[in-house]
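**Student:** My structure is below; once you've seen it, I'll send some questions.
Please treat every number below as a calculation from the coordinates, not as lab data. In this text, all values refer to a predicted model and were calculated from it rather than measured experimentally. Don't worry about glycine lacking a Cβ; one is built from the backbone with ideal geometry, like all the others, and counts go over all protein chains shown.
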């Protein structure tokens, strides 16, 4: 999931936000502590889920959150992965194709 982490920079108390990909909100806080914990000027405030990045209808950029509407042009099969550059923010990321099949039936009469 894409998580937005809010933190303050002391002594100004200015609040900043960063986005990180994490498995859970608890991981977001732990990762923040690992990344910034040695610097006393940074204080963790909160973490909230911004986007779900798995099992979406279209790929979503983990950096800017924009949806890739033309993913069908990647010609991926089930389980295939490819690196793409976001057409909006130009950051590279990995797209994995997950295919599921369902069936419908109806009466002939």
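**Student:** Once you sort the root eigenvalues of the Cα gyration tensor of the range 55-109 as a ≥ b ≥ c, which label holds: rounded (a/c under 1.5), prolate (a/b larger than b/c) or oblate (the other case)?
**Tutor:** Since a/c reaches 1.5 and a/b is larger than b/c, the shape of the range 55-109 is classed as prolate.
**Student:** Let me ask you something else. Order of 34, 29 from fewest to most other C-beta atoms within 10 Å?
**Tutor:** Least to most surrounded, the residues fall as 34, 29.
**Student:** On a 0 to 90 degree scale, rounded to 10, what angle separates helix 25-36 from the longest Cα axis of the chain?
**Tutor:** 50 degrees
**Student:** By count of other Cβ within 10 Å, fewest leading, how are 61, 86 ordered?
**Tutor:** Starting with the residue having the fewest Cβ neighbours, the order is 86, 61.
**Student:** Hey, what did the range 55-109 get for relative contact order, percent, Cα under 8 Å, at least 6 apart?
**Tutor:** Value for the range 55-109: 29 percent.
**Student:** Now for a separate question. How far, in nm, would the chain grow between residue 81 and residue 10 when pulled straight, counting 0.36 nm per residue and subtracting the alpha carbon separation?
**Tutor:** So the extension gain works out to 21.4 nm.
**Student:** Still on this structure, I have one more. Given only helices, namely DSSP H runs of n ≥ 4 each adding -39500 (n - 2.57), what is the per-residue ellipticity at 222 nm of the chain, to the nearest 500 deg cm²/dmol?
**Tutor:** When only DSSP H runs of four or more count, the value is -3500 deg cm²/dmol.
**Student:** For each of 53, 108, count neighbouring Cβ atoms within 10 Å of the residue's Cβ, then give the residues from fewest to most.
**Tutor:** Least crowded to most crowded, the residues run 108, 53.
**Student:** While we're looking at this one, here's another question. Answer with a single label: of (1) 17.2; (2) 14.0; (3) 16.5, which was calculated as Kirkwood radius over Cα pairs in Å from the structure in view?
**Tutor:** Of the listed options (1) 17.2; (2) 14.0; (3) 16.5, (3) comes from this structure.
**Student:** Which FRET efficiency value, to the nearest 0.05, is calculated for residue 44 and residue 89 with the Förster distance at 25 angstrom and r the Cβ-Cβ distance?
**Tutor:** With a Förster radius of 25 Å, E is 0.45.
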